[in-house]
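What follows is a short report on a single structure.
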Amino acid sequence: PGPAMLADQEQERDFQRFLRRLDEISSLVQGLNSPDPAVKEKAIAETEERLRDQETCKEEESKTMVNRTVINARASDTANAETANIEGFLAVLEKDAKERAKRRKRNERLANALKEKGNDAFRKGDYGTAIQRYTEGLEKLKDKQELYTNRAQAYLKVHEYEKAIGDCEWALKCNEKCIKAYFLMGKAHRALKHYSESRQCYEKILQIDPQKESLFKDCINEVNLEEKRMKDEETAMKEVRSGNVAALSIKELLQKLERPDQSILYYTGGIRLLTGAVKHCTEQTLFRTNNGFSILKDNEAVRRAFCAERKNTAEVDLSVSLLFLWQAVCTGNEENQRLLLTQPDVNAQLPKLLSSGVPEIQKETLALISLYSENENGRRLLVRHQDLTKWLQILMTFVSSTDARASSAVNILSDLTEEERFKTQCRVMLSTGVLPLFTQLLTSAKLVNQAALARCIGVMGNLCADVAIRMQMAECKECWQACLKLVDEYLAVSTPEYQACLFAVLGLIMNLLLESNVTIQYFAVDLSGRCMSLLGDKDGRIVTRAIGVLSRILPASSSAIEEVVKGGVVKKMIKFLKAGGQITSNYGIKTLSICTRSSRQAQEDLVKSDKRFSVLLKLLDSENEMIVGNAAFCLAQCLVVPGAATALLDSDVVMILLKHAGGDATRTSVQQNAAIALGKLCVAEPRHLFQLRKLNGLAILNSSMKYIQST
């Protein structure tokens, strides 16, 4: 072939190589932007390898291009242009890859640090915090398999089986041969009684690593046995029913439960039939008169299964059946409720059943306790027969549950707070058990049942009616920090769920601020700053409580007063006082009285914001004497501002103050504040004396002089 043909062939080969490289680069770019972590990771690795190859062969490519130019000068311009385009594109890709690699290394360090924090929390049994740390780690590095499997393990501990399965599936996308992911997924499916899926997970492990057969073959056998037990129980129940046992009387059914040496499945079936037979108060009475409450005492097999610390599936089912039975015989029957709590084994097991970690048992135990807590006599039985010192802590743990257990537990807590003896018993474990758990729930608000959390916060607020409990909580630094964190999270997301939690937290804070201590002083500036941010909230209830917190926190710190005055609190309060209801007005005018008492800037701001004191004059006519007293106090403080007293010359202020100072008010403090304001008004602007003389009020003014001098 001639030189021209050789040049054309070489140019064609260069062009085809260019197209292939362009396709490869396009594929890499798509991979780098893929939402799938596994695909993105693979693309990054290929890009980095391509860049390394390019560095090593750069010099050889340069020599080759020189030789080609010598052989075929006509093709050189095209080849150089194509190479320049590719190299320019690769340079951009190289820069992007290096930036990605740099970011990835930084995120890898952060994710590893968060993983270690999560592991530490997991080892301590603080699974909620562990989940939170692993989640934060995944926000830094979404394709880190260990974070998914670790979080799945934590989800298993809190019985969030579906979430555990989801995390295992993501872990397998990162590493399709991750044995830990298959193992944890198998456990989650087994807990959900998905026996076929559980078995497949363990079998997959044996396919990946046959050497682990000795470890995981037992897991497969346990799944097979559990599945068989479930089928056997169904068969046994059918056999019991086929003998027309359901038609037997209460007495005969109880007698059949007394038979010794029967299987757990036999007793479970008998208890369920007995439960079905108790439909009315007549059957409840028959159950009691035939010694039905002695089931545990008279049958060692049943008692042993019910009291077992670590229950197998059959023992769990028997315990749940007993709880159903006791609900049936105790509903609306106070005598049966009393007798049940006098049974030693029942009395001892109730808190253990609540802490068992078995959702079915916990659910029915809560349902049984609810029968007692929802009425006064039942609550008194609980308080009399149960040691409730740990119940607040035990019931509070259910706030982390996503099912009906959370609301049931909080309902019981809400009912029990009506009993003074319960509050007294709560003091024992408050600082060591309850407050650490409560602060953990507040800081993990994103992960818990927020509706239940809001009610739980309300329960803690109600417990603050007990002075000893309130003092302990008000001194707890971690509790204040957790409250501030929840406020910050609400300001960031403002969801309806958080809104209920925030409303409850503000109410709790207001109750805690009935105390005065160093801890409150320490958080005063931060807390008042958060309240200032909440004044712009769309929910009027939130705004009202935020103003209420301001009215109670500001007296604790002059620095806090200074900061809120700088932030325009006076102007904001005047705005709310113009349109607010009585509660908002009460908090708002109290906040203004605190600010104007110690801040000249606040006094001047009030004079500017409340033209001719129209808002204060309106408040002085209020039927609420607290509002009147604080309004008079504010007015007195502001009269030192030049021109303030003169602005009131054409108003009825003298007559209004005279009415309050002259004895119409029932509170002495209101009379004093009105008298002081009247005296200062006349001192600042003597022309008000003419109005005072017309109203024959000089004697009242003279009596107010002692108050003016004392101020």
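Glu203 to Ala367: extension gain in nm, 0.36 nm per residue of separation minus the Cα-Cα distance?
Working: separation 164, 0.36 × 164 = 59.04 nm, distance 3.95 nm.
The span from Glu203 to Ala367 would gain 55.1 nm if fully extended.
On average, how much accessible surface per residue is there in segment 104-226, in Å², for a 1.4 Å probe, leaving out ligands, DNA and RNA?
Roughly 52 Å² per residue, with all protein chains present.
Kindly state, to the nearest 0.05, the FRET efficiency for Asn107 paired with Lys446, given R0 = 25 Å and r defined as their beta-carbon distance.
0.75
At most 14 other Cβ atoms within 10 Å and a DSSP loop assignment: could you name the trypsin sites (Lys or Arg not before Pro) in segment 632-700 that fit?
Within segment 632-700, the qualifying trypsin sites (Lys or Arg not before Pro) (loop, at most 14 other Cβ atoms within 10 Å) are Arg667, Arg687.
At a 1.4 Å probe radius, carbon and sulfur cover how many percent of the accessible area of segment 104-226? The partial results should precede the final answer.
Values: 2980 of 6400 Å².
Accessible surface attributable to carbon and sulfur in segment 104-226 totals 47 percent.
Packing-wise, with mean Cβ within 10 Å as the measure, how do 290-298, 410-418 rank, highest first?
410-418, 290-298
First measure r as the distance between the Cβ atoms of Arg597 and Arg338, then evaluate 1/(1 + (r/R0)^6) with R0 = 51 Å and state the FRET efficiency to the nearest 0.05.
Numbers: r = 58 Å, r/R0 = 1.14.
Rounded to the nearest 0.05, the efficiency is 0.30.
At what distance in nm do the modelled label points of Asp120 and Ser533 sit from each other, each positioned 7 Å from its Cα along Cα→Cβ?
Going from the Asp120 label point to the Ser533 one covers 2.6 nm.
Could you list the chymotrypsin sites (Phe, Trp or Tyr not before Pro) in segment 394-499 that lie in coil according to DSSP, counting only those with at most 13 other Cβ atoms within 10 Å of their Cβ?
Within segment 394-499, no chymotrypsin sites (Phe, Trp or Tyr not before Pro) qualify (loop, at most 13 other Cβ atoms within 10 Å).
When the dipole is taken about the Cα centre of segment 448-572, and only Lys, Arg (+1) and Asp, Glu (-1) are charged at their Cβ, what size is it in debye, to the nearest 20?
About 340 debye.
What nm distance separates the two modelled labels at Asn291 and Phe690, each placed 7 Å from Cα along Cα→Cβ?
Roughly 10.1 nm, to one decimal.
Over segment 104-226, what relative contact order in percent results from Cα pairs under 8 Å that are six or more residues apart?
On the way: 155 pairs, mean separation 19.4, N = 123.
Reported as a whole number, the value is 16 percent.
Place +1 on the Cβ of every Lys and Arg and -1 on the Cβ of every Asp and Glu in segment 104-226, take the dipole about the Cα centre, and give the residue among Leu206, Ile220, Thr129 whose Cα lies farthest towards its positive end.
After comparing all options, I get Thr129.
Express in nm, to one decimal, how much length is gained between Lys578 and Lys618 on full extension, taking 0.36 nm for each residue of separation and deducting their alpha carbon distance.
Working it through step by step, the gained length comes to 13.5 nm.
What is the local net charge at Phe293, summed over the other residues whose Cβ is closer than 15 Å to its Cβ (Lys, Arg +1; Asp, Glu -1)?
With Lys, Arg at +1 and Asp, Glu at -1, the neighbours total -1.
Which of rounded, prolate, oblate describes segment 555-596, given a ≥ b ≥ c as roots of the alpha-carbon gyration tensor eigenvalues and a/c under 1.5 marking rounded, otherwise prolate only if a/b is larger than b/c?
It is oblate, given that a/c is not under 1.5 and a/b is not larger than b/c.
May I ask you to derive the FRET efficiency for Glu309 and Asp652 from their Cβ-Cβ distance with R0 = 51 Å, giving the value to the nearest 0.05?
Computed FRET efficiency for Glu309 and Asp652: 0.10.
Could you tell me what percent of the accessible area of segment 387-470 is made up of carbon and sulfur, with a 1.4 Å probe and every protein chain present?
Of the solvent-accessible surface of segment 387-470, carbon and sulfur hold 49 percent.
Using the Cα gyration tensor of segment 104-226, with a ≥ b ≥ c the square roots of its eigenvalues, what is the shape: rounded (a/c below 1.5), prolate (a/b larger than b/c) or oblate (neither)?
Prolate, since a/c reaches 1.5 and a/b exceeds b/c.
Specify whether the C-alpha gyration tensor of segment 382-540 places it in the rounded, prolate or oblate class, a ≥ b ≥ c being the square roots of the eigenvalues: rounded for a/c under 1.5, otherwise prolate if a/b is larger than b/c and oblate if not.
Cα axes put segment 382-540 in the oblate bin.
Subtract the Cα-Cα distance of Asn347 and Ser249 from 0.36 nm times their separation in residues, and report this length gain in nm to one decimal.
32.5 nm
What nm value, rounded to one decimal, do you get for the distance between Val493 and Glu360 when each label is placed 7 Å out toward the C-beta?
The answer from the label model is 3.3 nm.
Could you do me a favour and compute the accessible area per residue for segment 310-439, 1.4 Å probe, result in Å²?
Counting only protein heavy atoms, the per-residue value for segment 310-439 is 38 Å².
Which of the lysines could a cross-linker span from Lys279 if the Cα-Cα distance has to be under 18 Å and same-chain partners fewer than 8 positions apart are dropped?
Cross-link targets: Lys251.
The values are calculated or read from the model by the stated rules, or taken from the named source; none is laboratory data. Since the model is a prediction, treat every value here as computed from it, not as a measurement. A quick note on method: Cβ atoms are made from the backbone with ideal geometry, for glycine too, and the neighbour counts reach across all protein chains shown. Accessible surface is based on the protein model in full, side chains and every heavy atom, while ligands, DNA and RNA are left aside. Shrake-Rupley method; radii C 1.70, N 1.55, O 1.52, S 1.80 Å.
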